[in-house]
Amino acid sequence: MNSELMRIVDGLAREKNIDKELVLGDLEAAMETAIRKRYLEAEDVKVEIDRITGEISASADEEAISLNELGRIAAQTAKQVMIQRFREAERGSIYEEFIERKGQIITGTIARFEGGALVVSLGRTEGFLPRSEQIPGEAHQPGERVRALILDVREAPHQVKIILSRSHPDFIRRLFELEVPEVAERIIEIKALAREAGYRTKVAVSSIDTKVDAVGACVGVRGSRIKNIVEELGGEKIDIVRWNESSQILIANALKPAEIQDTALCFELSRATAVVPEEQLSLAIGKRGQNVRLAARLTGWDIDILTPKEYNRGLDRLAETLRKVEGVEDVVAERISLLGLISVADVEEVGIEPLTRELELDEKLAQHIVDICATEAKVVQEEMEKEKKEKEKSAAEQQSAPTSEEDSKDGATETAEDETATQTDDGAEASTEEHAVEETSSSEDAGEDVANREAVDVEPEVGDSSESQETVEDAPTTS
């Protein structure tokens with residue numbers, strides 16, 4: 001009984017996750033190859049391994065042979081064949097295992113860097129996390145544990161290539177399933193999801209149970225559930241939106257935290273126009289247009305954000321243009337605006353088909369309306385470009401204005417300083433002359449001695465007089 005062989009086969013089957021029968025079949029095939037290498041003339045070679053005892057029986061052209069007689073070369077051939085077959089079987093096993101787990105989250109350890117990609121150890125094999133599938137701004141270190149989505153599984157010539165992702169939207173979906181039991185149990189359904197990895201994600205959820213609040217369940221008590229997801233994503237912001245079958249309500253929810261006053265839907269253009277107050281315009285658009293861009297992906301509508309002034313101006317211009325068309329009544333103009341066409345450019349873009357189909361207008365009249373609106377649209381475009389240039393010019397002037405004022409102030413300050421210096425010098429000279437005259441006259445009238453007259457004849461220095469004058473001028477201020 002060859003129990004040692006059966007023990008090795010069992011261990012190999014468990015370690016490589018290969019079927020035991022497949023391992024035994026590969027061993028038989030490897031031994032047959034070795035026998036053919038030794039007995040070149042043999043036509044019929046058979047090797048059988050007893051599945052219970054592990055005893056090996058081999059024959060060539062129905063003559064029993066001993067495996068001990070094969071020699072070193074045949075044994076080396078059998079070894080190479082076994083290794084090759086075991087690797088092929090292992091690759092097949094790995095492929096079958098991971099192809100079933102495609103779209104699920106897996107945890108691995110970062111093994112090394114290959115260029116910008118990360119090689120992640122997954123136990124029996126390795127996965128690749130390309131730079132394009134990493135979250136922007138994240139930094140990883142070898143040995144760090146990381147969770148990622150199995151994005152794709154491919155069979156390569158010598159290995160199974162497993163592509164991982166942390167930036168795919170489904171990664172968020174699977175994290176919600178792990179952290180929110182109601183999502184995993186399908187009580188809460190993620191209806192739509194839009195993501196800009198590393199920055200912000202919007203998730204629209206709904207509940208099939210009226211007693212379960214979809215948004216509250218996803219957030220958790222004091223934000224405990226959503227906090228775990230945000231930490232896994234490195235601080236990425238997540239907006240949880242309540243799903244609604246009405247596109248108008250859904251768009252309003254998706255654009256939060258901005259408050260929407262009105263929403264006009266144009267099904268012909270798949271465009272929604274949201275009207276927001278002037279003070280909330282930047283909030284609705286978001287940083288670099290991120291909020292409205294994600295809302296558009298979430299709802300499937302191309303969203304335009306307008307202020308009430310812009311919205312009403314477009315409607316008024318359209319109404320004025322339609323009044324110029326003979327045969328178009330105010331009712332027709334109102335019905336055109338109800339189609340979601342809020343400007344003359346919209347009418348030009350949709351063409352005559354919606355007007356004839358929805359409003360049942362004559363084709364000739366509809367064509368005339370479109371032509372008039374097209375002409376007016378060009379005028380509006382020119383006016384907008386002119387207004388834009390004027391704003392840019394005004395902004396440029398405002399930027400240059402403070403510089404001119406500062407130069408003027410600097411020039412005025414320098415002039416004032418020059419005048420003050422001149423006055424100080426003039427005052428110093430006048431003070432010196434008056435002082436000399438006064439002392440000379442005093443000396444002559446008093447008939448003082450020559451020593452005093454010589455002292456008087458010496459004129460004081462200008463600097464001393466200036467200092468004396470500044471002291472005198474400063475004295476009243478000090479007192």
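For PRO257, the conditions (1) surrounded by fewer than 19 Cβ atoms within 10 Å (Cβ to Cβ); (2) more than 28 Å from ARG166 (Cα to Cα) all hold with the exception of (2).
Return yes when ARG145 is in contact with an Asp or Glu (Cβ under 8 Å, 6 or more places away or on another chain) and of a type outside the set (Phe, Trp, Tyr) and no when it is not. Spelling it out, it is not the case that ARG145 is in contact with an Asp or Glu (Cβ under 8 Å, 6 or more places away or on another chain) and of a type outside the set (Phe, Trp, Tyr). Looking at the structure I just gave you, is LEU193 under 25 Å from the mean Cα position of the chain (by Cα) and either in a strand (DSSP E or B) or closer than 24 Å to ALA89 by Cα (or both)? Spelling it out, LEU193 is indeed under 25 Å from the mean Cα position of the chain (by Cα) and either in a strand (DSSP E or B) or closer than 24 Å to ALA89 by Cα (or both). Taken over segment 36-62, the criterion of being in contact with a Leu (Cβ under 7 Å, 6 or more places away or on another chain) and crowded, with 17+ Cβ neighbours inside 10 Å is satisfied by ARG38, ILE49, GLY54, ALA58.
Just one of the listed residues (GLN84, GLN80, GLN76) is among the polar types (S, T, N, Q) and farther than 20 Å from LEU24 by Cβ, and it is GLN76.
Checking the conditions here, which among ASP209, ASP239, ASP262 is over 25 Å from the mean Cα position of the chain (by Cα) and more than 23 Å from ASP346 (Cα to Cα)?
Unique residue meeting the criteria: ASP209.
Looking at GLU155, GLU185, GLU196, just one residue is more than 26 Å from HIS140 (Cα to Cα) and touching a residue at least 40 places away in the same chain (Cβ under 8 Å), and that residue is GLU155.
The test for being aliphatic (A, V, I, L, M) and under 30 Å from SER167 (Cβ atoms) holds for ILE94. The listed residues are ARG112, ARG200, ARG147, and the only one of them that is at pLDDT 90 or above, surrounded by 14 or more Cβ atoms within 10 Å (Cβ to Cβ), outside the structural domain of PHE86 (by TED's automatic domain parsing) and farther than 23 Å from ALA296 by Cα turns out to be ARG147.
The values are calculated or read from the model by the stated rules, or taken from the named source; none is laboratory data. Computed from a predicted model, the values in this text were never measured in an experiment. Don't worry about glycine lacking a Cβ; one is built from the backbone with ideal geometry, like all the others, and counts go over all protein chains shown.
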